[in-house]
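Peer 1: So that we are looking at the same thing, I have put the structure below in structure tokens.
The values are calculated or read from the model by the stated rules, or taken from the named source; none is laboratory data. All figures in this text were calculated on a predicted structure; none of them were measured in a lab. A quick note on method: Cβ atoms are made from the backbone with ideal geometry, for glycine too, and the neighbour counts reach across all protein chains shown.
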Amino acid sequence: MRDFQKTIEVVQTNCHIADARHAREMSMCNYLLGMRELYIWENEFPPSYPLVQADLSQWLVQREMFWETMEELDYSPIPIANREYDPFDNAAINKALAPHGLVYGGGLGRWGKPHFFLAQLLRSEQIHGLTLRVSGCEYARDITAFPAALRENTMFLRTDALQRWLAEKIEIWSVHEADGALKSAIDCYGMQGDKTTLLPRMAEQESEVLILHEIGEAMAEPILGPAWRDMLLSFSSRRAIFMARSVRDHLADCLSTLPELIKREQTCSIHFYFANLESLRRSLFPQLVMAYEHWRKSGDTSLLLAAAEAGRTHWQAVAMQLLDAWHNDPQGAQAAIDGWVDQPRPLAL
């Protein structure tokens, strides 16, 4: 594609602007992990490359100084073949880029932060009435590279971001090698082949899990309706947003992810799913955690299936409860949801 470098530069500039405005809103832990991963990506280091702390610290200071020059700038239109496109017009941009083997994503993520990326298009196909775009090498990205996202009936699966995320999970775990679901997942994948191919094999199978979750998100959309997005956008409390997103994630996983993993007998992926069931999502669904522990000891999937089946009805009802509360009293609903977050086992089945 002619002027490909210009397209990369504009997308990356928009990524810098988004980071300059919003990156420092992240928790300190997530911010430092995100900056570390961005540094690795920019320098094209392999996952196991030993970092020099002084170099990383210097880069971080320089990046924060650079952001100070960017945060007041406006997002630029994306130039492609003598035309310019709104940076949030995914459909038009991808229609223009697809013949050149490229894929683009632009949209609002958690807490309303814009995210952008430009990458190699590996394949595009139709699944469950949705368009799936699978990307490889990434040419432009921001501090937070979500491995998968659903935007306007299009699923984006970013295999480069997925492998980097998996490598980070394994690296953090390897410091102490604690027992638990993540160890079980790593052991499970390790038994399937050469340990040197562990990461690619994990990425290949976990890609399917991400697709199942995004299918669940698409299945949840008509159930929740457009009011759900309006509710999220109206919230100023991150706690309330986190609560609502956790409820929707559980609904999506009960509709698609969990039933399919159990049906396909994807043992490694089931372990990895529960390794990532953390914080509020975990405390909201204690029955599912107990069902996992039962399965882990006995191999019996009946309680897992029962929890997923009950969850479909339960989490839809909880979502409707949140929507009704918001419709009746938007400000009061946000305060109430904040209070629910503090309950040890709110909304149990």
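Peer 1: Is it fair to say TRP67 is farther than 19 Å from ASP160 by Cβ, surrounded by 15 or more Cβ atoms within 10 Å (Cβ to Cβ) and either polar (S, T, N, Q) or touching a His at 6+ places or on another chain (Cβ under 8 Å) (or both)? Let's see the steps before the verdict.
Peer 2: Working: farther than 19 Å from ASP160 by Cβ: yes; surrounded by 15 or more Cβ atoms within 10 Å (Cβ to Cβ): yes; either polar (S, T, N, Q) or touching a His at 6+ places or on another chain (Cβ under 8 Å) (or both): yes.
So TRP67 fits the description; yes.
Peer 1: Those residues that are touching a strand residue (DSSP E or B) at 6+ places or on another chain (Cβ under 6 Å), free of Cβ contacts under 8 Å to residues at least 24 places away in the same chain and not acidic (Asp, Glu), I need them from region 112-133; list them, please.
Peer 2: GLN120, ARG123, listed by residue number.
Peer 1: Look through region 158-185, keep the residues that are touching a residue at least 24 places away in the same chain (Cβ under 8 Å) and among the acidic types (Asp, Glu), and return whichever of them is farthest from CYS268 (Cα to Cα).
Peer 2: ASP160
Peer 1: Based on this model, can you work out whether ARG141 counts as in contact (Cβ under 8 Å) with a residue 24 or more places away in the chain, closer than 21 Å to TRP41 by Cβ and in contact with a Cys (Cβ under 8 Å, 6 or more places away or on another chain)?
Peer 2: Working: in contact (Cβ under 8 Å) with a residue 24 or more places away in the chain: yes; closer than 21 Å to TRP41 by Cβ: yes; in contact with a Cys (Cβ under 8 Å, 6 or more places away or on another chain): yes.
For ARG141, the condition - in contact (Cβ under 8 Å) with a residue 24 or more places away in the chain, closer than 21 Å to TRP41 by Cβ and in contact with a Cys (Cβ under 8 Å, 6 or more places away or on another chain) - is met.
Peer 1: Can I ask one more? Among the listed residues GLN316, GLN287, identify the single one that is under 23 Å from LYS183 (Cα atoms), in a helix (DSSP H, G or I) and among the polar types (S, T, N, Q). Write out each step before concluding.
Peer 2: Working: GLN316 fails: under 23 Å from LYS183 (Cα atoms).
One residue alone meets the criteria, GLN287.
Peer 1: Here is a further query. Go through ARG151, ARG158, ARG141 for me and flag whichever is out of contact with any Lys or Arg (no Cβ under 6 Å at 6 or more places or on another chain), closer than 18 Å to GLU214 by Cα, among the charged types (D, E, K, R) and modelled with pLDDT of 95 or more. Step through it out loud before you land on a result.
Peer 2: Values: ARG151 fails: modelled with pLDDT of 95 or more; ARG141 fails: closer than 18 Å to GLU214 by Cα.
Testing whether each residue is out of contact with any Lys or Arg (no Cβ under 6 Å at 6 or more places or on another chain), closer than 18 Å to GLU214 by Cα, among the charged types (D, E, K, R) and modelled with pLDDT of 95 or more leaves just ARG158.
Peer 1: Take the residues in region 107-142 that are part of a strand (DSSP E or B) and of a type in the set (Phe, Trp, Tyr), then tell me which one is nearest to GLU9 (Cα to Cα).
Peer 2: At the first step, the residues of region 107-142 found to be part of a strand (DSSP E or B) are 107-108, 114-127, 130-141.
Those left that are additionally of a type in the set (Phe, Trp, Tyr): 116-117, 139.
On the way: PHE116: 12, PHE117: 11, TYR139: 9 Å.
Top of the filtered list is TYR139.
Peer 1: Just one of the numbered conditions (1) in contact with a Lys or Arg (Cβ under 8 Å, 6 or more places away or on another chain); (2) free of Cβ contacts under 8 Å to residues at least 12 places away in the same chain; (3) not hydroxyl-bearing (Ser, Thr, Tyr) is not true of HIS22; which one?
Peer 2: Looking at each condition in turn, HIS22 falls short on (2).
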